[in-house]
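The structure appears below as structure tokens.
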Amino acid sequence: MDSGPEELMPRLLPVGNCDLQDDYDPAIPPRTPQEYLRRVQIEAARCPDVVIAQIDPKKLRKKQTVSIALSGCQPAPEGYSPSLRWQQQQVAQFSAVRQSLSKRRSHWRSQPLDSNVTMPSTEDEESWKKFCLGERLYSDLAAALNSDNQNPGIDYIKATVTSVLEYLVNWFEERDFTSELGRWLYALLACLEKPLLPEAHSLIRQLARRCSQVRAEVEHKDDERVSALNLFICLVGRYFDQRDLADCNNPS
């Protein structure tokens, strides 16, 4: 015996007698509350018990991006992990840089950029990659569209800093570390305002994990990239208090 809708879901509103027929004209507005509720009942009864979504298989074959959030960083290879003293020194220096930026921020906002510098719009990801990394590193991507010619002051707002950080971290996910990238990442981290936006919190953790991944693939501990990668893991883990991502204490 099939279970009716009354058995599965009790009525919340009483519906009195109504002479509405099943073949009513839905284009005509209901005249009474009872007629409206009766229409709802009829339309609900017409809905199928099971609905199958029509999925285009071609769309599933296209390249899809899947983000997997890992809990921690890859451990440093033996001899690659920085000492605790070195990490403390980097945190202290980074803190001093941020304090200096904070003092000068209001002054820079009122200063126009040089006439030969055009800042991309916040939403223009491709132009920001070219602006930050230069033509050489960007040569494997299509040229970005020209942004509007404006001459704004330098405004370190949260949205812009977080957006550009996202563009570069995503770039780094598929490419090796370079000194040009490192300079911009350091500057953007220095401009992040606390408390962090949720997006920024996720991005810096993504950055630290990517740095640990690249570091694990470096063949020699004397590679110049190791120090820079250690620095970003250190800043994320110890300055921004993501302790689960920090390198283990090495007192030497």
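The values are calculated or read from the model by the stated rules, or taken from the named source; none is laboratory data. Model, not experiment: these values are computed from the prediction. Surface areas here come from the heavy atoms of the whole protein model, side chains and all, with no ligands, DNA or RNA. Shrake-Rupley method; radii C 1.70, N 1.55, O 1.52, S 1.80 Å.
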ask   = Applying the Karplus parametrisation 6.51 cos²θ - 1.76 cosθ + 1.60 with θ = phi - 60° to the phi angles of the stretch 98-103, what ³J(HN,Hα) value in whole Hz is obtained for each residue in order, glycine and proline being reported as x?
value = 5, 5, 5, 5, 4, 5
Area of residue 168 that stays accessible when all protein chains are in place (1.4 Å probe, Å², to 10) = 0 Å²
ask   = Taking θ as phi - 60°, what are the ³J(HN,Hα) couplings along the stretch 124-129 by the Karplus curve (6.51, -1.76, 1.60), each to the nearest whole Hz, with x for Gly and Pro?
value = 8, 4, 5, 5, 5, 4
task = Find the Rg to Rh ratio for the stretch 183-252, where Rh is the Kirkwood radius over alpha-carbon pairs and Rg uses the same atoms.
result = 0.98
